[in-house]
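Contents: one structure, followed by commentary.
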Amino acid sequence: MVGDLQFSWELGGAGWATCRIADGNAEHRAHVGYCTDALADLLYAVTGLYGGTTDQRASFDLEPVEMRWLLRRQGADVSITVFEFPDGATSWGSPDETGGTLAWSSTQPRSVLGHKVMEAAVTVLRKHGEDGYLEKWMRHAFPVAALQDLQRLHRRDDHCPHERCRNDFES
């Protein structure tokens, strides 16, 4: 169902996070490992949807599974498709829809996707701070620049009705 997107990113123990995405029809939840700069990769992929490129991707290491998000902008909407590949060591960099299993898909307004991903990242930053994020994520600092880029483009292009977008999403 368009517009009913839910998204969360919650840091767990040392070196992993729970990523949850859902709409009115289905939910996908995964435990993402710290081997990649996963939250930054997702923020940059969503930010890329605000430019001239219509296709973006982000891959996460689920140790050993690879979770790959394909984002395809179609006008004001984005097709979100999540695939899981059984062995990230062999699937990394492979063709997008070859060898993976469809885990979740939905079409949502770009403004909603941008808002939800941005909101989840801000929640992580507020809860843990930059130092706490690095302590838990271990290999990568909190992606401040990626969040700021998404905030700027979301504010500029999406005319978001949420007052928080206009006033207090500063990191």
Which residues qualify? For Asp77, with a placed amide H closer than 5 Å and at least 5 residues away or on another chain, they are Arg110
Take the solvent-accessible surface of the protein heavy atoms, probe 1.4 Å, and return the percent of it on the chain that carbon and sulfur atoms account for.
48 percent
If you count only protein heavy atoms and use a 1.4 Å probe, how large is the accessible surface of Arg152, to the nearest 10 Å²?
120 Å²
Can you pull the three principal axis extents for the Cα set of the chain, in Å, largest first?
43, 38, 29
Value of [θ]222 nm, deg cm²/dmol, for the chain, DSSP H segments ≥ 4, -39500 (n - 2.57) each, nearest 500
-11500 deg cm²/dmol
With a 1.4 Å probe and all protein chains kept in place, how much accessible area does Ser111 have, in Å² rounded to the nearest 10?
40 Å²
Using modelled amide H (1.01 Å from N, peptide plane; none on Pro or chain starts), what sits under 5 Å from the amide H of Phe142, excluding residues fewer than 5 places away?
Leu134
Order by accessible surface, 1.4 Å probe, largest leading, for residues Leu43, Leu11 comes to Leu11, Leu43
Just the accessible area for Val112, please: 1.4 Å probe, Å², rounded to the nearest 10?
30 Å²
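The values are calculated or read from the model by the stated rules, or taken from the named source; none is laboratory data. As the structure is a prediction and not an experimental result, all values here were calculated from the model. When the accessible area is computed, the model is the full protein with side chains, heavy atoms only, and any ligands, DNA or RNA have been set aside. Shrake-Rupley method; radii C 1.70, N 1.55, O 1.52, S 1.80 Å.
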